[in-house]
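Single-structure report; data block below.
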Amino acid sequence: MGGLSNPVFPCPCSLLWWPLSFPPQDYYGKELQKSEDLKTNACVTSARPLPKAVRDALKRVHEEVVARYYGCGLVIPECLESCRILDLGSGSGRDCYLLSQLVGEQGHVTGIDMTEGQVEVAKKHIAYHMDKFGYRKTNVEFLQGYMEKLGDAGLADESYDIVISNCVINLAPDKRAVLREAYRVLKPGGEMYFSDVYASQRLSETIRKHRVLWGECLAGALYWRDLYSIAEEVGFSPPCLVTSSPITIGDKELEGIVGDCRFVSATFRLFKVLGSSRAGPGQVIYNGRIVGHEQELVFDANFTFKEGEVVDVDAEMAAILRSSRFSEKFLIRAGGANPAAQQGCCSTGEKICNPFQLLEWLVAPGPACCPGGTGGPPGCC
């Protein structure tokens, strides 16, 4: 998508607007009947290994829900017990039913999607899942609506702890509106945790108006740098890059159209950090009390927190941990952090922000300067 001063689309705040002669509902409701119908791996790209609790939860999701789902891997953050979660573009409800188990009966999950057929599939299996999970009361709901206009669906300000999204924001012509709405419905300290497709450059008009590339989640991909600008404009803290996975196009015609433009599936986390939480850099110690992450918490590509270990963090990360649901999982000491020792690229001290750069480092043979952990993952210099 275009930058702040040069938007590619006229930005009407509704997914009913579509740059082609067919509505997106047709592609996802009619042409695609199962994941195998996709022509690229943009919507099925895997992310990092899943904790056992997540793998077990996925096994309990109804087979029709899984088969009719077109998201990118799984979008499951940590520390979810009793949280209220909103899933933008929830489709057939796979992630919602997964999260339903992780938040527990006292938590709640809302899924919203523009496609009537997908919402119908999700609603059809509510009773099945509540019985499967042993819940006495329903902790999920599904709404038909648009992620640029959450208020029209009755979603109130500061009503959710977490907003997730799985490979659907690329379909929204007005991405600022999506992030503004997510920011509005998040509670102070809340998080937007989402995967999507990103481009290595701003896309040409030929790509942006290509019918199949739209349906395959490529033609609406945001230029990765623009995410940082939009997030800042909306009010979020700087995006934290979590993972990056390559996207391959198994079609010669489509390869010729995209040319030298590259695409990745990347996961980012954005936080609604209030000014009162900002108090400069610091040192933090993880207490190991997040289920499934007791030994270490891989927070993003730049920060891995091992149980009981002192880690220097910059002002942004200190503010995130202090204001979010993670606050009770860390001992946070204000000040005292050595900027030169803060995590990031081990040779430069700079954070990794570019998902294409992260991908290159992850696949590079031999010693590579990679982020993560107090000294980076295996292979870090």
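Rule-based calculations on the coordinates, nothing more; no lab input. These figures come from a predicted structure and were not determined experimentally. Counting neighbours? That spans all protein chains shown, and the Cβs are built from the backbone with ideal geometry, glycine included.
Report, in listed order, any pair from Lys123/Lys329; Lys209/Lys252; Lys52/Lys306; Lys187/Lys209 with a Cα-Cα distance greater than 29 Å. In this structure, Lys123/Lys329; Lys187/Lys209 lie more than 29 Å apart at Cα. Summing +1 for each Lys or Arg and -1 for each Asp or Glu, what net charge is found among the other residues whose Cβ lies under 11 Å from the Cβ of Ile320? Net of charged neighbours comes to +1.
A Förster radius of 45 Å combined with the Cβ-Cβ distance from Ser327 to Ser204 puts the calculated FRET efficiency at roughly 0.50. Quick check: from the Cα gyration tensor, does the stretch 186-343 come out rounded (a/c under 1.5), prolate or oblate? Note, shape of the stretch 186-343 comes out prolate. Distance between the pseudo-spin-label points of Leu274 and Phe133 (7 Å out from Cα toward the beta carbon): 2.9 nm.
Once you have the alpha carbon radius of gyration of the stretch 147-252, what is it after dividing by 2.2 N^0.38 Å, with N set to its residue count? Spell out each step's value before the answer.
Numbers: Rg = 14.6 Å, N = 106, 2.2 N^0.38 = 12.9 Å.
Ratio of Cα Rg to 2.2 N^0.38 Å: 1.13.
Restricting the GluC sites (Glu not before Pro) of the stretch 59-112 to loop positions (DSSP other than H, G, I, E, B) with no more than 15 neighbouring Cβ atoms within 10 Å leaves Glu81. Take the Cβ atoms of Glu253 and Ser229, set R0 to 30 Å, and the FRET efficiency comes out at 0.40. Extent along the principal axes, Cα only, for the stretch 112-158: 34, 27, 10 Å, with the longest axis given first.
Applying 1/(1 + (r/R0)^6) with r as the Cβ-Cβ distance of Ala67 and Val291 and R0 = 41 angstrom yields a FRET efficiency of 0.90. Cut-off under 24 Å on the C-alpha distance; same-chain residues fewer than 8 positions from Lys124 excluded. Which lysines are left, in chain and number order? Of all the lysines, those that pass the test against Lys124 - Cα under 24 Å, at least 8 places apart if same chain - are Lys30, Lys34, Lys59, Lys132, Lys137.
The stretch 139-187 and the stretch 103-138 have their alpha-carbon centroids 17 Å apart.
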